[in-house]
Amino acid sequence: MNDYLKELEHCELCEHRCGVNRLAGETGVCRMTTPVVASATLHPAPPESYTVFMAGCNFKCLNCQNWSISQYPDNGYPQRGYVSPELLAEESVDILKSVSAGLIRADRIFFSGGEPTIHLPYIERVVKEARKINPDVKVNFDTNGYLTESSLKRVVEFTTSITFDIKAYDEKIHLALTGASSEPVLRNARYIAEHAGDKLWEYRVVVIPEINIEDIKSLTGFIADMNPELPVCFLSFRPNFVLENHPGASIELMEKCIETAKKSGLVNVSRAGQTGIPGSIPPSLKGIDDGAKLAGAYAANAGCRSDQRNCTTCLFINDCGIKRYMPGGFPGRL
Ligand code: SF4
Ligand code: SF4
């Protein structure tokens, strides 16, 4: 066993605080034991990077665009596997020096997933090894914000930049969409604003028609109250995972979100992502005019067995229908 993974013997890396012994094969909400790299590749989206996708996630977002990675191991999708920190560090530093990296101006290692928090000790070790080779190597951490305060402080310590998702401000919408409470996410968003604003690349908010639209005003108000100059990027929802047939966000809706953000006082607002992807709400869910209830109904249809959809307290974390969910058109469990 690698000593640097010792804290996985009682895992409290994120706010689910499962306390399980991952090194002995016990699993908590994320269902991960030891670190698994899904893949790593040069990535042109800002901040341009060598992006390392870590497998597994502590959220079960209905709209996950990386579900084959995030819902591992239950969906059985092949991943790259364990890579020693020394090897991944050397590979990352080497690739960032390559001509291909130069062409897209990639200048940092970007840890994404899944959710990198669930592999924090491993990532710290990769960064340490990378900085032995190049002390100036930049690092981005891409997170859903559900870290403990202690994990967040560790992340702030070693990162150059942080991309921080806020799935919803409203507790019920956040629970229904992700299976986790919004409270720690908002607390951590505030911590970054107050203590590491210079590291915040942007808060990212996926705009999902009929689900979180009414929430945008509260969310942008929350951010503007902290500091109107904090950067916010709205991402257009595109049909994915459990919401595979749900309509994508229109350009008009995205512009409306930007207008709402500006009215809240935010001055550094942008949007990204393809708009206008067609889709429709299934007939059985039509007419539900509350975003949290609609998301909850989608989750129930896809196999969530908890009314609250709170994975922290759920009795079915090791037999979760959402973790096993396969969008239509994909092969069944491998
Ligand atoms: S969900 Fe969070 S606390 Fe639970 S085992 Fe995974 S990383 Fe640890
Ligand atoms: S069944 Fe339980 S663990 Fe699975 S998504 Fe629902 S609340 Fe979360």
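The values are calculated or read from the model by the stated rules, or taken from the named source; none is laboratory data. Nothing here was measured: the structure is a model prediction, and the numbers come from that model. Quick reminder, even Gly has a Cβ in these numbers, built from the backbone with ideal geometry, and neighbours come from all protein chains shown.
Some points to look at:
- Taken together, Tyr298, Tyr325 contain a single residue that is in contact with a strand residue (DSSP E or B) (Cβ under 8 Å, 6 or more places away or on another chain) and hydroxyl-bearing (Ser, Thr, Tyr), which is Tyr298.
- Only one entry in Val155, Val99, Val139 is over 16 Å from the mean Cα position of the chain (by Cα) and buried (at least 21 other Cβ atoms within 10 Å of the Cβ), namely Val139.
Conditions tested, residue by residue: (1) under 30 Å from Gly296 (Cα atoms); (2) surrounded by fewer than 22 Cβ atoms within 10 Å (Cβ to Cβ); (3) outside the structural domain of Pro135 (by TED's automatic domain parsing); (4) among the aliphatic types (A, V, I, L, M).
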position: Glu9; (1), (2), (3), (4): no, yes, no, no
position: Gly25; (1), (2), (3), (4): no, yes, no, no
position: Ala55; (1), (2), (3), (4): yes, no, no, yes
position: Tyr72; (1), (2), (3), (4): yes, no, no, no
position: Pro85; (1), (2), (3), (4): no, yes, no, no
position: Val93; (1), (2), (3), (4): no, yes, no, yes
position: Arg105; (1), (2), (3), (4): no, yes, no, no
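- Sole exception among (1) outside any loop (DSSP other than H, G, I, E, B); (2) buried (at least 18 other Cβ atoms within 10 Å of the Cβ) for Ala300, by number: (2)
- Residue in region 62-69 that is part of a helix (DSSP H, G or I), within 16 Å of ligand 2 (Cβ to nearest atom) and either modelled with pLDDT under 95 or of a type outside the set (Gly, Ala, Ser) (or both) present: yes
- Within region 229-254, the set of residues being surrounded by 18 or more Cβ atoms within 10 Å (Cβ to Cβ), within 28 Å of Asn268 (Cβ to Cβ), over 16 Å from the mean Cα position of the chain (by Cα) and touching a residue at least 40 places away in the same chain (Cβ under 8 Å) comprises Ala249, Leu253, Met254.
- Across region 158-204, the qualifying residues are those that are touching an Asp or Glu at 6+ places or on another chain (Cβ under 7 Å) and of a type in the set (S, T, N, Q), and the one among them that is surrounded by the most Cβ atoms within 10 Å (Cβ to Cβ) is Ser182.
- Conditions (1) at positive phi; (2) under 21 Å from the mean Cα position of the chain (by Cα): number failed by Cys311: (1)
- Looking only at region 1-57, and only at residues there that are among the hydroxyl-bearing types (Ser, Thr, Tyr) and assigned to a strand (DSSP E or B), the one that is nearest to ligand 2 (Cβ to nearest atom): Ser39
- Among (1) away from ligand 2 (no atom under 16 Å from the Cβ); (2) closer than 20 Å to Lys60 by Cα; (3) assigned to a helix (DSSP H, G or I) - the single one Lys293 does not satisfy: (1)
- Top-ranked residue of region 12-23 - restricted to ones that are under 22 Å from Val126 (Cα atoms) and in contact (Cβ under 8 Å) with a residue 60 or more places away in the chain, ranked as surrounded by the most Cβ atoms within 10 Å (Cβ to Cβ): Cys14
- Any hit, region 240-248, residues being in a loop (DSSP other than H, G, I, E, B), at positive phi and within 16 Å of ligand 2 (Cβ to nearest atom): yes
- Test: Gly328 is away from ligand 2 (no atom under 16 Å from the Cβ), part of a loop (DSSP other than H, G, I, E, B) and under 20 Å from Ser68 (Cβ atoms): yes
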